[in-house]
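Data block below; observations after.
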Amino acid sequence: MRYTLRQLEVFLATARQQNLSRGAASLAISQSAASDALKELEHQFDLKLFDRIGKRLQLNDNGRLLLPKAEELLNRALELEQSMAHQRGPGTLKVGATLSIGNHLCIPLIDLYRRQYPQSKINLEISNTEIISAKVASFELDIGLIEGEINDPHLEIIPWRDDDLVIFASPRHPLAHKRQLSETDLVKTNWVLRENGSGTRQTFNRVMHELLPRLNVVLEIQQPEAIIQAVLTGMGLGCLSRLSLQEYLKRKELVSLSARGLVFRRHFYLIMHRQKFKSAAMKHWLDLCHSPAGKQELS
């Protein structure tokens, strides 16, 4: 065999970090050792895998072709190693979730998963739909749980469950006691919303597309909890997943509002790279998401 698993590890780490020194650091090896491994891999097959753009290394066509195959081979090698070491459980799983899902749905799922496989390890990253999708596409994450719609031919998109967004206000807001908001109400009030790139904002923009140019968005925030606090102070109306609001609504610290003809229904999705090797950990996670036990735990 003309290549080693270490060479492939260095290649993948460098591709993910787009930088040789950061790739070496992620593998806990020296930069010189990583450089030697990468040079030897390219030399053995007389091909270049990266283009240099300043200090950044960007995959070229050869590198992009090799990436999913190297990822699959290393995942299979890891499973073999775990099997030979008699390791119980499916191994490490890297999960990415958008904020509404990560803050309210993922922990019960992880708890269920670890009850079944107590020796397994899960790394959870929480960010918006745009970032999670990009990291799944670049093989940095195994599986993504997202709340926005994406269009990436490299990703497999699996419908998971439904969700509703809710317009909400402080009980002291002038519109808090209206049974139904009019178009005039919506365009004359202030709004505190999620940032562009989030699934929540994507759904809001889609439903409100005719009114968007006329809305007064005074603040955009990435964190749902910060939006809730801004609305509580009276800065404006907000629109978030019911998951984020249920405790505040139950305690009557916030009130939900409806608007004539507007339905903020959306879907949650599971996403994976189409070329990624589906490890035992990924298969177990997918089965759990769709299982009666998983759905009951999340209800």
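None of the figures in this text is laboratory data; all of them are computed from the coordinates on show. Predicted model, so just to flag it, every value in this text is computed and none were measured. Note that we place each Cβ from the backbone using ideal geometry, even for glycine, and neighbour counts take in every protein chain shown.
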(message) Counting other C-beta atoms within 10 Å, and keeping those with at most 16, which DSSP coil GluC sites (Glu not before Pro) do you find in segment 168-250?
(response) 195, 210
(request) Report, in deg cm²/dmol and to the nearest 500, the calculated mean residue ellipticity at 222 nm for the chain, where each DSSP H run with n ≥ 4 adds -39500 (n - 2.57) and the sum is divided by the residue count. (result) -13500 deg cm²/dmol
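Per 0.36 nm of contour for each residue apart, how much would the distance between residue 116 and residue 47 grow if the chain were fully extended, relative to their Cα-Cα spacing?
Length difference between fully extended and current span is 20.4 nm.
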(message) To the nearest 20 Debye, how big is the dipole of the chain about its Cα centre, given +1 on the beta carbon of each Lys and Arg and -1 on that of each Asp and Glu?
(response) 480 debye
(message) For the pair residue 134/residue 211, report the inter-label distance in nm, with labels modelled 7 Å from Cα in the Cβ direction.
(response) 3.1 nm
(request) With 31 Å as the limit, write out which pairs from 39/94; 48/283; 55/276; 55/121; 39/278; 69/121 have Cα-Cα distances beyond it, or answer none. (result) 48/283; 55/121
(request) Starting from the Cα of residue 196, move 7 Å in the Cα-to-Cβ direction to define the label point; list residues of segment 215-240 whose amide nitrogen is under 17 Å from there. (result) 215-222
(request) Just tell me the longest site-free run in the chain, where the sites are trypsin sites (Lys or Arg not before Pro) in a DSSP loop having at most 16 other beta-carbon atoms within 10 Å. (result) 89-171
